[in-house]
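Beneath this line is the structure, given in structure tokens, with notes to follow.
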Amino acid sequence: MNKVEVIRVGDLAPGEMQKVEIDGRALCIAHVEGHGFRAIDDRCTHEDESLSEGWICGDSVECPAHSSRFSFLTGEVTGVPAWVPIKVYDVHVEGEVVFVDLDSAEARAAC
């Protein structure tokens, strides 16, 4: 497990997200209402846009460029024109700190 601290719990209110750069990776960290903190790759698989500059729509994020949507829960495409899923990372909250397991995305992407 490659668990790294990304933000503090108080940094994101429900419905907010932000870009975080860790070990050369750009992640989109979101506080998804009803689902807690989530982490996905920040780049849209359709046009390489920053997902953290988009919008949270339920349990998905909508890309600001062409409205592709991706599930924060599974990484699956929930709105076209994208068709390639996005990597999802395991998130752990310990006290007031939010951690992401950087090794967890590889296992999910292979499923």
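Taking (1) assigned to a loop (DSSP other than H, G, I, E, B); (2) in contact (Cβ under 8 Å) with a residue 40 or more places away in the chain in turn, residue 46 satisfies each apart from (2). Among residues of the stretch 21-43 being closer than 17 Å to residue 93 by Cβ and touching a residue at least 60 places away in the same chain (Cβ under 8 Å), the one that is farthest from the chain's Cα centre (by Cα) is 22.
Scanning the stretch 18-36 for residues that are assigned to a strand (DSSP E or B) and under 17 Å from residue 62 (Cα atoms) returns 18, 19, 26, 27, 28, 29, 30, 31, 32.
Could you check the stretch 55-111 for strands (runs of 3 or more DSSP E) lying wholly inside it with 3 or more residues that are out of contact with any helix residue (DSSP H, G or I) (no Cβ under 7 Å at 6 or more places or on another chain), over 17 Å from residue 33 (Cα atoms) and at pLDDT 95 or above? First the steps, then the outcome.
Working: elements: 55-57, 60-62, 69-71, 77-79, 88-94, 97-101.
Of the strands (runs of 3 or more DSSP E) lying wholly inside the stretch 55-111, those with at least 3 residues that are out of contact with any helix residue (DSSP H, G or I) (no Cβ under 7 Å at 6 or more places or on another chain), over 17 Å from residue 33 (Cα atoms) and at pLDDT 95 or above span 77-79, 97-101.
Residues 32, 98, 84, 80: which one is among the aliphatic types (A, V, I, L, M), within 13 Å of residue 6 (Cα to Cα) and in contact with a strand residue (DSSP E or B) (Cβ under 9 Å, 6 or more places away or on another chain)?
Numbers: 32 fails: within 13 Å of residue 6 (Cα to Cα); 84 fails: within 13 Å of residue 6 (Cα to Cα); 80 fails: within 13 Å of residue 6 (Cα to Cα).
Within the list 32, 98, 84, 80, the selection yields 98.
Of the residues making up the stretch 27-43, just one is touching a Leu at 6+ places or on another chain (Cβ under 9 Å) and surrounded by fewer than 16 Cβ atoms within 10 Å (Cβ to Cβ), namely 35.
The values are calculated or read from the model by the stated rules, or taken from the named source; none is laboratory data. As the structure is a computational prediction, the values presented were derived from the model and not from experiment. Please note: Cβ atoms are built from the backbone with ideal geometry, for glycine as well, and neighbour counts cover all protein chains shown.
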